[in-house]
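K.L.:
Here you go, one structure.
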Amino acid sequence: MADTIHPAAIEHLPPFITAPGQTDYLFNGVIIFLIVVVLVIGNLYFQLHAVPERMAHRTSKVQMEIVAVLALISLFTHNHLFWIAGLLLAFVHIPDFSTPLYSIADSLAKLSGRPTVDEEIDNPGPIEHREPAPLPEPEVRTDTHGGGI
C-alpha cells in the first residue's frame, strides 16, 4: 500500500519528494545552508562593525576609547550615526595637547620650587609650604687685562 501513488500525482516524481516516514535530505541541506549563511553574514557584520576600532588603535588611547564607545552604542541602538561618527573620528588625527602642557607645568613647578606632578605622586603627603629656590647670583666680570674702554 505504501508503494501506491495518489491518482492525482504525476508518474515521475522529482527526487526531492520523499515517501512518508523517510528522511527529507533537501530540507536538512537547506537548514544547514541557512545556519552557515547566517553565521557568515553575522561574522561579516561584526567584522565591518569593528573597522573604526581597528583604525583607532593607531591613535591615542583617549581617542580609541571614544571610538570604541561610539561603536558599542551604535551596535546596541542600531543607530548608524554613532558608527559613522566613530569612523570619522578614527580617521582624524587629534594632536596631543596634554604632553606639552604637562611639560610646561612641570618646568614652572621646578622654577617656583613647588613639587612637580611626579614628586606629588611619589610622596602623597600633605603639601608643605616651601620657599622658592634662590636664583643664582649673576657673575660679576672684572676686566683682568688692565685696559679701559
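K.L.:
If I model a spin label as a point 7 Å beyond the Cα along the Cα-Cβ vector, how far apart are those points for Ala9 and Arg58 in nm?
P.N.:
Each label point is offset 7 Å from its Cα along the Cβ direction, giving 6.4 nm.
K.L.:
Can you work out ³J(HN,Hα) from phi for every residue in the range 65-75, in order, using Karplus 6.51 cos²θ - 1.76 cosθ + 1.60 and θ = phi - 60°, giving whole Hz and x for Gly and Pro?
P.N.:
Ordered by residue, 3J(HN,Hα) equals 5, 5, 5, 5, 5, 4, 5, 5, 4, 5, 5 Hz.
K.L.:
Let me ask something else. Pop the C-beta distance of Phe76 and Leu39 into the FRET formula with R0 = 30 Å and round what comes out to the nearest 0.05.
P.N.:
0.90
K.L.:
In the range 1-80, what percent of the accessible surface is made up of carbon and sulfur (1.4 Å probe, ligands and nucleic acids excluded)?
P.N.:
C and S atoms contribute 72 percent here.
K.L.:
A further question follows. Once you have the Cα-Cα distance between Leu111 and Ile17, take 0.36 nm times their residue separation minus that, and quote the gain in nm to one decimal.
P.N.:
24.7 nm
K.L.:
Another question, then. Using θ = phi - 60° and the Karplus relation 6.51 cos²θ - 1.76 cosθ + 1.60, list the HN-Hα couplings for the range 49-54 in order, rounded to whole Hz, with x at every Gly or Pro.
P.N.:
So the J values, rounded to whole Hz, are 5, 8, 4, x, 5, 5.
K.L.:
Give me the distance between the Cα centres of the range 55-110 and the range 10-38, rounded to whole Å.
P.N.:
53 Å
K.L.:
How big is the charge dipole of the range 1-65 about its Cα centre, in debye rounded to the nearest 20, if each Lys and Arg gets +1 on its Cβ and each Asp and Glu gets -1 on its Cβ?
P.N.:
580 debye
K.L.:
Then there's this: At R0 = 35 Å, how high is the FRET efficiency between Leu26 and Phe46 if r is their beta carbon distance? Nearest 0.05 is fine.
P.N.:
0.70
K.L.:
Please compute the length gained on full extension between Ile104 and Glu139, using 0.36 nm multiplied by the number of residues separating them and subtracting their Cα-Cα distance.
P.N.:
9.8 nm
The values are calculated or read from the model by the stated rules, or taken from the named source; none is laboratory data. All values derive from a computational prediction rather than experimental measurement. We place every Cβ from the backbone using ideal geometry, glycine too, and count neighbours over all the protein chains shown. We work out accessible area using only protein heavy atoms, side chains counted, and drop any ligands, DNA or RNA first. Shrake-Rupley method; radii C 1.70, N 1.55, O 1.52, S 1.80 Å.
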